[in-house]
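Please treat every number below as a calculation from the coordinates, not as lab data. All values derive from a computational prediction rather than experimental measurement. Heads up, the Cβs are rebuilt from the backbone with ideal geometry, glycines too, and the neighbour counts pull from every protein chain shown.
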Ligand code: PXL
């Protein structure tokens, strides 16, 4: 059975990071080694959240795995809360990257043109360095604008997105995906660039005019699960975009609060059937 490692926080309430990565990737038939970087009572968009930092455990855990000889098909990082955690992840990559696996980074830092609580430009620049060590990265347009220090805009032309994709791939990753791309008012989706084949791909769904927390994490987890299931990047992007759309749709039908995330559990069955 294939096994991946994912390193990100557990936010107990709010359906993001590990609480979506674990069920989604497991449902896709892939074992998940879930390494929490911190335990939060909720994600950071709620007021008054608690934060138990687990940074000091991370290297010991990796050392134990190395002794046991565990291997991972992919190493997937999401939300990371400190410079120290980024440095530790660089060490993980050095020790756990093999010829056969790949590094997948979702540089979770912000959305809608703004960084999340606790992040700044300096952190984004450091995250950019981490991304240079990845095989595939999946930032949204806010994260792109901070990493490349380009202006965040409400609208981009296809040429502008292609330019951003090429700039990001020049940092190192062979494959780059930008999420939250839209060239038409009623569409929202993704665009990707594969440096090795010099090819672009875009895929859109009908826009549902609502934002839910955690959809970026659902997208990244689903994309990773599909890639580990040996779907092509294009196929995997379709599966992940379709699933995020289903999650938003099923939640919107009941109009849940945005910060609480989507009812992704209700459509997991569709995802499982879709990748068979
Ligand atoms: O969904 C991204 C995310 C993950 N983890 C934590 C967060 C956020 C976004 O705010 O606060 C702790």
Let me test this: with uniform point scatterers at the alpha carbons of the stretch 182-230, what is the Debye-based log₁₀ I(q)/I(0) at q = 0.27, 0.29 1/Å?
-1.13, -1.14
Gyration tensor on Cα atoms of the stretch 70-223, a ≥ b ≥ c root eigenvalues, a/c under 1.5 rounded, else prolate if a/b beats b/c, else oblate, says prolate
Convex hull per residue volume in Å³, alpha carbons only, for the stretch 15-84:
100
Would you mind getting the Kirkwood hydrodynamic radius of the stretch 144-276 from its Cα pairs, rounded to one decimal in Å?
15.6
How large is Rg over Rh for the stretch 1-150, taking Rg from the Cα atoms and Rh as the Kirkwood inverse mean of 1/r across Cα pairs?
0.95
Stretched fully, the stretch from residue 53 through residue 235 gains (0.36 nm per residue minus C-alpha distance, one decimal, in nm) 61.8 nm
Rh by Kirkwood over Cα pairs, then Stokes-Einstein D for the stretch 218-271 at 1.002 mPa s and 20 °C, µm²/s
187
In which sequence would 43, 64, 213 go, from the one with the fewest C-beta neighbours within 10 Å to the one with the most?
64, 213, 43
What do you get when you divide the Cα radius of gyration of the chain by 2.2 N^0.38 Å, with N the number of residues?
0.93
Residues in the stretch 94-118 near a label at residue 71, defined as backbone nitrogen under 15 Å from the 7 Å Cα→Cβ point?
95-103
Residue 13/residue 99 FRET efficiency (R0 45 Å; Cβ-Cβ; nearest 0.05):
0.65
Need one number: nm distance between label points at residue 149 and residue 209, each 7 Å from Cα along Cα→Cβ, rounded to one decimal.
3.8
